[in-house]
Amino acid sequence: MKLPLYHVDAFTSRVFGGNPAGVVPLPSWLDDSVLQAIAAENNLSETAFFVGKDGRYAIRWLTPKTEVDLCGHATLASAFVILTKLEPELSSVEFSSKSGTLRVKRDGDRLVLDFPARPARPVDLTGALQAALGARPQEVWAARDLMAVYETEDEVRDLKPDLPLLSAFDSFAVLVTAPGREADFVSRFFAPRQGVAEDPVTGSAHCTLVPYWAKRLGKSKLRALQVSARGGELFCEDLGDRVAIGGRAVLYLEGTLEV
């Protein structure tokens, strides 16, 4: 069987920036083992698979090791493929997913994700987490991910966490964040338990970051930078029980895979 494959760099306006995602449109769902094998072969932080037409699709996301319940950059990449390649006459697209209905709309040269908010609750800092991160955060919060808050952007940029120690924590991932110098806030995202040492740009993490920073800074519209080696830019808005996450995307590769 031959299937189309797109490699899209998300949350960036330049190739080789942002977060690369695999996108595989399907005529119908394949066995889970085949989807996982494709994601492992792609060896990107996530590969998105979707089935549907006429602006309505079912979507799933897989890392090289496992399926995840929500992925921002691969949803942005999928919407980019649909709105530029498959159905360019549309202005928006709707996905059904394990995290409910997700909508993506055009906004000039950006695409804007409508995602569920995932507010965090404060938790105690443990010695094990401080040791794994290598530097003491000011605060620790928990939602799907553990979120460590630092005082400065430089602290976040300079972190060299112990990934085997981080993988021992019973959370999906560990994200770190601080106020930004040029943006409202910055972040990094580590998910060794999911087979992703450091994710370049993580849309789903902003479901937790945006409610936190909106409340702390007293503003609903926020510009964010994920300060990984590739880097990414996100334009966010706190909408209460939802968050809007906007960004750009560029096509790197279009091809065919055979399974």
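The values are calculated or read from the model by the stated rules, or taken from the named source; none is laboratory data. Bear in mind the structure is a predicted one, so any value in this text is a computation, not a measurement. For neighbour counting, all protein chains shown are included, and Cβ atoms are generated from backbone atoms with ideal geometry for every residue, glycine included.
For Phe80, state whether it is on the phi > 0 side of the Ramachandran plot and crowded, with 18+ Cβ neighbours inside 10 Å.
no
For region 122-137, what are the residues that are part of a helix (DSSP H, G or I) and not hydrophobic (A, V, I, L, M, F, W, C)?
Looking only at region 122-137, we keep the residues that are part of a helix (DSSP H, G or I), and these are 127-133.
Gly127, Gln130 - these are the residues of region 122-137 that are part of a helix (DSSP H, G or I) and not hydrophobic (A, V, I, L, M, F, W, C).
Please work out if Leu113 is touching a strand residue (DSSP E or B) at 6+ places or on another chain (Cβ under 6 Å) and surrounded by 13 or more Cβ atoms within 10 Å (Cβ to Cβ).
Answer is yes for this residue.
Please return the ranges of strands (runs of 3 or more DSSP E) entirely within region 81-120 where 3 or more residues are over 16 Å from the mean Cα position of the chain (by Cα).
92-97, 100-107
Can you tell me which residue is surrounded by the fewest Cβ atoms within 10 Å (Cβ to Cβ) among those in region 180-199 that are in contact with a helix residue (DSSP H, G or I) (Cβ under 9 Å, 6 or more places away or on another chain), at pLDDT below 95 and not charged (D, E, K, R)?
For region 180-199, the residue satisfying everything is Ala197.
Let's see how each residue does on (1) buried (at least 22 other Cβ atoms within 10 Å of the Cβ); (2) within 19 Å of the chain's Cα centre (by Cα):
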position: Met1; (1), (2): no, no
position: Phe11; (1), (2): yes, yes
position: Gly18; (1), (2): yes, yes
position: Gly22; (1), (2): yes, yes
position: Asp32; (1), (2): no, no
position: Asn42; (1), (2): no, yes
position: Ser45; (1), (2): yes, yes
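Among the residues of region 207-214, is there at least one that is in contact with a Phe, Trp or Tyr (Cβ under 7 Å, 6 or more places away or on another chain), among the aromatic types (Phe, Trp, Tyr), in the same structural domain as Pro137 (by TED's automatic domain parsing) and touching a residue at least 12 places away in the same chain (Cβ under 8 Å)?
Among the residues of region 207-214, at least one is in contact with a Phe, Trp or Tyr (Cβ under 7 Å, 6 or more places away or on another chain), among the aromatic types (Phe, Trp, Tyr), in the same structural domain as Pro137 (by TED's automatic domain parsing) and touching a residue at least 12 places away in the same chain (Cβ under 8 Å), which makes the answer yes.
Just to be sure I understand, how many residues within region 21-54 are in contact with a Phe, Trp or Tyr (Cβ under 7 Å, 6 or more places away or on another chain) and of a type outside the set (Asp, Glu)?
8
Of everything in region 1-45, what is free of Cβ contacts under 8 Å to residues at least 40 places away in the same chain, part of a loop (DSSP other than H, G, I, E, B) and either closer than 20 Å to Phe190 by Cβ or in contact with a helix residue (DSSP H, G or I) (Cβ under 6 Å, 6 or more places away or on another chain) (or both)? Give them in sequence order.
Asn43, Leu44
Can you tell me which of Ala120, Ala148, Ala143, Ala132 is surrounded by 17 or more Cβ atoms within 10 Å (Cβ to Cβ), at pLDDT 95 or above and closer than 21 Å to Gly231 by Cα?
On the way: Ala120 fails: closer than 21 Å to Gly231 by Cα; Ala143 fails: closer than 21 Å to Gly231 by Cα; Ala132 fails: closer than 21 Å to Gly231 by Cα.
Just one listed residue meets the conditions, Ala148.
Report yes if Gly247 is closer than 26 Å to Pro25 by Cα and touching a Gly at 6+ places or on another chain (Cβ under 9 Å), otherwise no.
Yes; evaluated as a whole, the condition is true for this residue.
Restricting attention to region 96-108, does a residue exist that is touching a strand residue (DSSP E or B) at 6+ places or on another chain (Cβ under 8 Å) and at positive phi?
The answer is yes, given that some residue of region 96-108 is touching a strand residue (DSSP E or B) at 6+ places or on another chain (Cβ under 8 Å) and at positive phi.
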